[in-house]
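Scroll down for the structure; my scribbles are underneath it.
The values are calculated or read from the model by the stated rules, or taken from the named source; none is laboratory data. Model, not experiment: these values are computed from the prediction. Glycine gets a Cβ as well: all are built from the backbone with ideal geometry, and neighbour counts include every protein chain shown. For the accessible areas, the whole protein counts, side chains as well, though only heavy atoms, and no ligand, DNA or RNA atoms are used. Shrake-Rupley method; radii C 1.70, N 1.55, O 1.52, S 1.80 Å.
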Amino acid sequence: MFSTFRFVIVILTVALYTLPLMVVQEIALRTWFLSDRIVPRLWHRLTLRVLGVRVRMEGRPSRERPQMIVANHVSWLDILVLGSLDGVHFIAKSEMRSWPILGTFARQQRSVFVERERRRTSPEQAREIAERLADGDPMVLFAEGTTGDGNRLLPFKSTLFSAAQLALASDRAESVTVQPVAITYLSKGGLRLDRRERASLSWIGDTDLLPNLITVLQSRPVDIAVRYGDPIPFLAKGDRKTVTREAEAQVRAMLTAGLRGTEI
């Protein structure tokens, strides 16, 4: 069991480096001599280490820009995991703005906050994402629109894929690179997870963050694999639903292979 004392130590440790890093990040956002992608990546890596989460990367992330990374979504940990690997920005749900620590860092990391339930706002949100893509910011989209249990993939929603097409309207690129990514929760305490244990680590629906955090700490070390798929070129005249289906098929195949411990 993870004791209350150890839990307090973890929280204090995270707070110890978070506050000064927030100050540095604010300086980076207001000046030109420090990249605003360095501090978030460092914070994600430090926090994963404190939480006892180990990340294994498979495949090769594309360096083409504009780039949209399309991934499955299991937990709030996914943000730390992907953020630790590269200087990316997230398309996050609007409620995340008010989260303690994570919400502040999401704002400082220049995340785009979307309200998925309000369809009328989708065109405006897509335009904001498109502007960021056109500026060269790699954007992460959790295309299921919610979190799953880590054992199966939910259908991808194609609405925000339209941002990739809108980004090409600036004529600064001929295509947007869509890169599928599968996040697979593999083991805890050195033992491979079964379906029930994997679901217990997921963060679904209205589950409170604190109990899920305690579950993660009780399970340490937690091993997570991030597998990069084949980049998909999204052309100005491309069909977003076709690209969505292709990205979903790749993520499903990579997730299935990861869960089975096989190659694809």
* Could you run through the stretch 122-141 and say how many residues are modelled with pLDDT of 90 or more, within 12 Å of Thr159 (Cα to Cα) and surrounded by fewer than 21 Cβ atoms within 10 Å (Cβ to Cβ)? => 0
* Looking at (1) in contact with a His (Cβ under 8 Å, 6 or more places away or on another chain); (2) surrounded by 21 or more Cβ atoms within 10 Å (Cβ to Cβ); (3) closer than 25 Å to Ala257 by Cβ, which is the only condition Gln109 fails? -> (3)
* Show the residue pairs that are 6+ apart or on different chains and have beta-carbon atoms under 6 Å apart, the first residue being within the stretch 172-189 and of a type in the set (D, E, K, R), the second being open to solvent by less than 20 Å² (accessible area, probe 1.4 Å) and part of a strand (DSSP E or B). => Lys188/Val222
* Given (1) open to solvent by 20 Å² or more (accessible area, probe 1.4 Å); (2) out of contact with any Ser or Thr (no Cβ under 7 Å at 6 or more places or on another chain); (3) under 22 Å from Ala126 (Cβ atoms), number of the condition Glu144 does not satisfy -> (1)
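Table: residues versus (1) at pLDDT 95 or above; (2) touching a Phe, Trp or Tyr at 6+ places or on another chain (Cβ under 6 Å).
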| residue | (1), (2) |
| --- | --- |
| Leu168 | no, no |
| Val178 | yes, yes |
| Gly190 | no, no |
| Trp203 | no, yes |
| Asp223 | yes, no |
* Among the candidates Leu80, Leu160, single out the residue that is within 26 Å of Lys237 (Cβ to Cβ), in contact with a Leu (Cβ under 8 Å, 6 or more places away or on another chain) and in a helix (DSSP H, G or I). => Leu160
* Among the residues of the stretch 171-192, is there at least one that is in a helix (DSSP H, G or I) and open to solvent by 10 Å² or more (accessible area, probe 1.4 Å)? -> no
* Which numbered condition trips up Met68, out of (1) open to solvent by less than 40 Å² (accessible area, probe 1.4 Å); (2) under 20 Å from Val140 (Cα atoms); (3) in a helix (DSSP H, G or I); (4) not basic (Lys, Arg)? -> (3)
* Tally of residues being out of contact with any helix residue (DSSP H, G or I) (no Cβ under 6 Å at 6 or more places or on another chain) and surrounded by fewer than 17 Cβ atoms within 10 Å (Cβ to Cβ) across the stretch 28-56 -> 11
* To do: For the stretch 4-16, state whether one or more residues are part of a loop (DSSP other than H, G, I, E, B), open to solvent by 50 Å² or more (accessible area, probe 1.4 Å), more than 28 Å from Val251 (Cβ to Cβ) and at pLDDT below 90.
  => no
* Among the residues of the stretch 87-101, write down those that are touching a residue at least 40 places away in the same chain (Cβ under 8 Å) and either under 20 Å from Ala247 (Cα atoms) or aliphatic (A, V, I, L, M) (or both). => Val88, His89, Phe90, Ile91, Ile101
* Asked: Pairs, please: C-beta under 8 Å, at least 6 apart or cross-chain, first residue of a type in the set (D, E, K, R) and in the stretch 2-31, second open to solvent by less than 70 Å² (accessible area, probe 1.4 Å)?
  -> Arg6/Leu217; Glu26/Gln108
* Structure fact -> Scanning the stretch 206-219 for residues that are in contact (Cβ under 8 Å) with a residue 24 or more places away in the chain and over 12 Å from Leu77 (Cβ atoms), the one least open to solvent (accessible area, probe 1.4 Å) turns out to be Ile214
* Asked: So which residues in the stretch 234-255 are buried (at least 18 other Cβ atoms within 10 Å of the Cβ) and among the hydroxyl-bearing types (Ser, Thr, Tyr), if there are any at all?
  -> Thr244
* **Test result for Val112, more than 30 Å from Ser219 (Cα to Cα) and β-branched (Val, Ile, Thr)** => yes
